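Here is the structure we will look at, set down as structure tokens.
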Amino acid sequence: MTEPKLVLQLHQEAQTIALGAALAEALRAMSEAIDAKGLAIGLAGDLGSGKTTIVRALLRHLGVSGPVKSPTFALLEPYDVSRLHLYHFDFYRFKNPREFVESGFSEFFRPGNVCLVEWPERAGEYLPPADLNIRLKLLEVGRSAAIDADTEMGEQCLHQLRTYLTPARVGA
């Protein structure tokens with residue numbers, strides 16, 4: 001495996017929230033590209049590593065004021081924010097990757113949509129490749145986030161993300 005393009009030490013929950021807020025700003029800046037191509041973000045890591053915290057912070061920063069719950073049981077929570085159509089998936093409960101195919105979720109991975117996928121590895125080869133992958137790891141104090149861009153859209157998102165990240169906010 002190659003080295004991640006960006007590694008952040010998130011010693012406090014506020015830094016994880018700041019990462020979600022910076023990601024929200026990156027999505028806003030990319031809204032036209034998202035309209036044309038869509039964007040998929042994979043969020044991997046153990047239970048409690050901060051996947052839902054990042055998504056909740058992203059949605060709050062975009063203006064979602066109602067409940068933002070983990071879709072662990074529903075598998076999908078949709079959000080429309082301004083011009084952005086966001087779909088928050090959680091595949092933790094998948095027992096077999098074919099469940100992704102059987103669910104019909106592949107129709108959401110298209111131009112105009114942002115798909116935020118927790119536990120993407122549980123959908124296996126059936127899940128379209130993520131543009132941006134965020135791998136979270138619990139540490140003795142806080143967590144780390146390793147972020148990779150795997151497509152041109154992912155590179156654009158990573159570039160925008162770096163623009164909105166500041167060392168003081170996330171410990172970069």
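Of all GluC sites (Glu not before Pro) in the stretch 68-172, which ones are in loop regions per DSSP and have a Cβ with at most 13 other Cβ atoms within 10 Å? Write down the numbers at each step before the final one.
Values: sites: 99, 102, 107, 118, 121, 125, 140, 152, 155; in loops: 140.
Here the GluC sites (Glu not before Pro) that fit, given the DSSP loop and packing criteria, are 140.
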Added length on full extension, which subtracts the Cα-Cα distance from 0.36 nm per residue, residue 47 to residue 102:
17.3 nm
Say we join alpha carbon atoms closer than 10 Å with springs in a Gaussian network model of the chain; which of 53, 16, 151 then has the biggest fluctuation?
151
Loop-only check: which trypsin sites (Lys or Arg not before Pro) in the stretch 39-104 are DSSP coil with at most 13 other Cβ within 10 angstrom?
69, 83, 93, 95
Cβ-defined net charge surrounding residue 64, 12 Å radius [Lys, Arg +1; Asp, Glu -1]:
+1
Value of D in µm² per second that Stokes-Einstein yields for the stretch 1-64, Kirkwood Rh from Cα pairs, at 37 °C (0.692 mPa s)
253
When the chain is treated as a GNM, springs tying every alpha-carbon pair under 10 Å, which of 42, 142, 104 comes out with the largest mean-square fluctuation?
104
Per-residue HN-Hα couplings for the stretch 107-122 [Karplus 6.51, -1.76, 1.60; θ = phi - 60°; Hz; x = Gly/Pro]:
5, 7, 8, 8, x, x, 10, 10, 10, 9, 10, 8, 6, x, 4, 6
Expressed as cubic angstrom per residue, what is the convex hull volume of the alpha carbon set of the chain?
110
Any residue on another chain or 5+ positions along whose placed amide H is under 5 Å from the amide H of residue 118 is listed here as 43, 89, 90, 91
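Throughout, read-outs are computed from the coordinates displayed, never taken from laboratory work. From a predicted model like this one, the values you see are computed outputs, not experimental measurements. Glycine also receives a Cβ, built like all others from the backbone with ideal geometry; neighbour counts cover every protein chain displayed.
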